[in-house]
Structure formats: structure tokens, C-alpha cells
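Right, one structure below, let's go through it.
The values are calculated or read from the model by the stated rules, or taken from the named source; none is laboratory data. Bear in mind that the values here come from a model prediction, so they are computed numbers and not experimental data. Glycine gets a Cβ as well: all are built from the backbone with ideal geometry, and neighbour counts include every protein chain shown. These area figures cover heavy atoms from the full protein model, side chains too; ligands, DNA and RNA do not enter into them. Shrake-Rupley method; radii C 1.70, N 1.55, O 1.52, S 1.80 Å.
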Amino acid sequence: MKSLAVLVSGNGSNLQALLDSPVRPALTLVVSNRSQAYALTRAREAGVETTVMLRNQGESRDQYDRALADYLNTQGIELVVLAGWMHILGEHFLNTFEGETINLHPALPGEYPGLNAIERAFTDGRAETGCMVHKVILEVDAGEVLGVSRVAIETDDNLASLTERMHQAEHNLLVQVVSELTLDS
Ligand code: GRF
């Protein structure tokens with residue numbers, strides 16, 4: 001079983017899905033770069049260790065990434081899951097956890113990198129969108145795809161109803177991929 005850290009910045013519904021799944025025993029640590037993230041409350045209530053790592057004033061992105069990578073190493077972390085983590089990780093971090101940093105993105109591979117991906121697919125009038133889990137590389141929301149879940153956009157959908165189905169799809173997909181990566185090894 002691989003030791004897992006989940007990096008969060010916000011609500012943490014995807015973290016909750018992992019906490020409620022068979023992955024829970026592998027989940028060693030939750031790190032947030034925002035002190036008010038509700039994800040921290042979820043982790044604490046589940047009895048998982050939490051750390052808040054803010055980027056200090058004057059600290060470069062590279063310095064922050066190095067500090068984060070060092071900390072995860074000292075904690076014996078083998079797999080890093082970005083679940084609503086709002087900070088782009090640089091070369092040093094990705095080299096340290098090469099092939100072992102994965103991200104969840106609410107769009108199909110190659111579509112809508114960056115923010116507001118669900119809304120952009122909806123306003124484009126697409127018939128389908130989806131979510132993916134992929135290995136993290138320097139390019140944002142790109143990298144080897146580990147799992148995809150397709151979500152149809154129905155004619156009577158509004159953004160709220162689509163968002164709700166997308167989140168459900170994300171929770172299921174994340175649990176499935178992280179289970180495969182942590183429990184089989
Ligand atoms: C999810 O839609 C995820 O794909 C995106 O940010 C959102 C995080 O939601 N990267 P939550 O904090 O897990 O509820």
C-alpha cells in the first residue's frame with residue numbers, strides 16, 4: 001500500500017470521497033495552501049493529519065515547491081493527489097515526485113484546461129463533457145491520462161445540474177484511480 005498525501009485548497013468534496021473509500025488507510029496526510037479550506041475540517045474529522053503550508057510573502061514559487069516537496073518526503077509520501085489544489089507545481093516538485101503526482105480535472109483530455117472547465121463546456125453547448133485523472137506535468141491539466149469518465153450534457157441541464165453530476169463522476173473516478181494506484185502496490 002502506497003502512502004498518500006492529498007493536496008487541497010477548497011471545499012474538499014473529492015477528499016471526502018477518498019476518506020469514505022477503501023483508500024482511507026493509505027491516506028497519511030492532507031496539505032492545504034489555504035488556512036480556511038473546508039477540506040481541512042473534513043480531514044480532521046476523519047482523523048487524518050493536516051498541514052497548512054502558506055506561501056510566505058517574498059517566497060518564490062520555486063522556494064515554496066522545494067519546501068513542500070521536502071516536507072512530503074520527510075513524511076514518507078509516495079503518491080501525491082491534487083484534488084482542488086490551486087497552485088501550479090514547478091519542475092523541482094514534479095522531478096521529486098516524478099510520475100507520482102496526479103491531478104483531477106473536470107474536463108475530457110485535451111479540452112478546457114484551466115479554470116471554470118464545467119461552465120465553459122456548458123456554455124459552448126457541448127453534448128458531452130467529463131473528467132479525467134492524469135499524471136501531472138509542467139503543462140497545466142495535461143499529462144498521461146489514468147482514467148476518464150464521460151458525462152452527457154442533457155438538453156434540460158442547467159449549469160447547477162450538470163455541475164452536480166460532474167462532481168459525482170469526479171468522486172467515483174478519483175476513488176477508482178487512486179485505489180488502483182495505492183492498494184495494488
Ligand atoms: C473539482 O472540480 C476538481 O476537478 C477541480 O477543483 C474541484 C475541487 O472540488 N480541480 P472539491 O474541493 O474537491 O470539492
Exercise for review: Above 15 angstrom, tally the Cα pairs of the range 119-185 and express them as a % of all pairs, no decimals.
Suggested key: 58
Exercise for review: Using only alpha carbons, build the gyration tensor for the range 1-109 and give me the equivalent ellipsoid semi-axes, biggest first, whole Å.
Suggested key: 20, 16, 14
Check your understanding: Based on DSSP, what percent of beta bridges with both residues in the chain are antiparallel, to the nearest 5?
Key -> 40
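How many Å² of accessible area per residue for the range 1-116, probe 1.4 Å? The partial results should precede the final answer.
Values: 5260 Å² over 116 residues.
Accessible area per residue: 45 Å².
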Exercise for review: Express the accessible area of the range 124-171 per residue in Å², computed with a 1.4 Å probe while the remaining protein chains stay in the model.
Suggested key: 54
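Would you work out what percent of the accessible area of the range 1-49, with all protein chains in place, is carbon or sulfur (probe 1.4 Å)?
After summing per-atom areas, the C and S share lands at 45 percent.
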Check your understanding: Where the only charges are on Cβ atoms (+1 Lys, Arg; -1 Asp, Glu), what is the dipole of the range 35-185 about its Cα centre, to the nearest 20 debye?
Key -> 320
Review point. Which of the peptides 56-67, 126-137, 78-89 is most tightly packed, and how do the rest follow, judged by the mean count of other Cβ atoms within 10 Å per residue?
Key: 78-89, 126-137, 56-67
Revision key, fill the gap. Counting Lys and Arg as +1 and Asp and Glu as -1 over every other residue whose Cβ sits under 13 Å from the Cβ of Ser32, the net charge comes to +3
Review point. Which of Gly84, Ser9, Asn172 sits farthest toward the positive end of the charge dipole of the chain, with +1 on the Cβ of Lys and Arg and -1 on the Cβ of Asp and Glu?
Key: Ser9
Point to revise | Cβ-based charge dipole, the chain, positive-most Cα from Ala152, Tyr71, Thr182 | key: Tyr71
Exercise for review: For the chain, just the Cα atoms, rotate onto the principal axes and tell me the three extents in Å, largest first.
Suggested key: 50, 36, 31
Practice item. First select every other residue whose beta carbon is under 15 angstrom from the beta carbon of Arg42; then total the charges, Lys and Arg +1, Asp and Glu -1. Key: 0
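Ordered by packing density, taken as the mean number of other Cβ atoms within 10 Å over each peptide's residues, highest first, how do 25-32, 115-122 rank?
Highest to lowest by the protection proxy: 25-32, 115-122.
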Practice item. Estimate the FRET efficiency between Asp20 and Glu119 by the formula 1/(1 + (r/R0)^6), using the beta-carbon distance for r and 35 Å for R0, to the nearest 0.05. Key: 0.85
Exercise for review: Tally up the carbon and sulfur contribution to the accessible surface of the range 71-139 as a whole percent, 1.4 Å probe, everything protein left in place.
Suggested key: 49
